[in-house]
Amino acid sequence: MATVTISPKYQITLPAEVRQALLHPGEKRLVEVVGGEIRLRSWRPPVRQLVRELLQAYPEEAEAVGKATGHDAVGYIRKLRKG
């Protein structure tokens, strides 16, 4: 078990073995306090956000899927954006 020191700005540096084993640059984590402990958990974006990003990245494919399945995915996302 490693120890860390809290800086005057309330910052800590995680030991290299912890960073390398569990974290990747750019990823997001949830921070929560449970029973007096600080926990970092995986963060997963809401499904709506994922769908929105997919439709923005692949609009032609989304329209083709909508036509093939009879579901208007693009219209659905437009409706979400207004709401």
- Length released on extending from Ala68 to Ser42, taking residue separation times 0.36 nm less the Cα-Cα span: 5.9 nm
- Message: Excluding same-chain pairs closer than 8 in sequence, count the lysine pairs in the chain whose Cα atoms lie under 29 Å apart.
- Response: 5
- Using the alpha-carbon atoms, what tilt in degrees (0 to 90, nearest 10) does helix 47-57 show relative to the longest principal axis of the chain? 60
- Pairing the Cα long axis of helix 73-82 with the longest principal axis of the chain, what angle in degrees results, from 0 to 90 and rounded to the nearest 10? 60
- Whole number in Å², please: accessible area per residue of the stretch 16-83, 1.4 Å probe, ligands, DNA and RNA not counted. 88
- Task: Mind checking the full-extension length gain between Leu54 and Arg19? Use 0.36 nm per residue of separation minus the Cα-Cα distance, one decimal, nm.
- Result: 9.6 nm
- Percent relative contact order for the chain, counting Cα pairs under 8 Å at least six residues apart, stands at 13
- Item | Modelled label reach - Ile12, point 7 Å along Cα→Cβ, the stretch 20-46 residues with backbone N closer than 13 Å | 31-34, 36-41
- In degrees rounded to 10, the 0-90 angle between helix 59-69 Cα long axis and the longest Cα principal axis of the chain is 60
- Among Arg39, Arg29, what's the order by accessible area (1.4 angstrom probe), most exposed first? Arg39, Arg29
- Query: Computed over the Cα atoms of the chain, what is the ratio Rg over Rh, Rh following Kirkwood?
  - Reply: 1.22
- Task: Measure off, as a whole percent, the carbon and sulfur share of the 1.4 Å-probe accessible area of the chain, all protein chains present.
- Result: 56
- Item | Highest average packing first - 10-21, 53-64, Cβ atoms within 10 Å | 53-64, 10-21
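The values are calculated or read from the model by the stated rules, or taken from the named source; none is laboratory data. Computed from a predicted structure; not experimentally measured. Cβ: placed from backbone, ideal geometry, glycine included. Neighbour counts: every protein chain shown. Note: areas computed on protein heavy atoms with side chains; ligands, DNA, RNA excluded. Shrake-Rupley method; radii C 1.70, N 1.55, O 1.52, S 1.80 Å.
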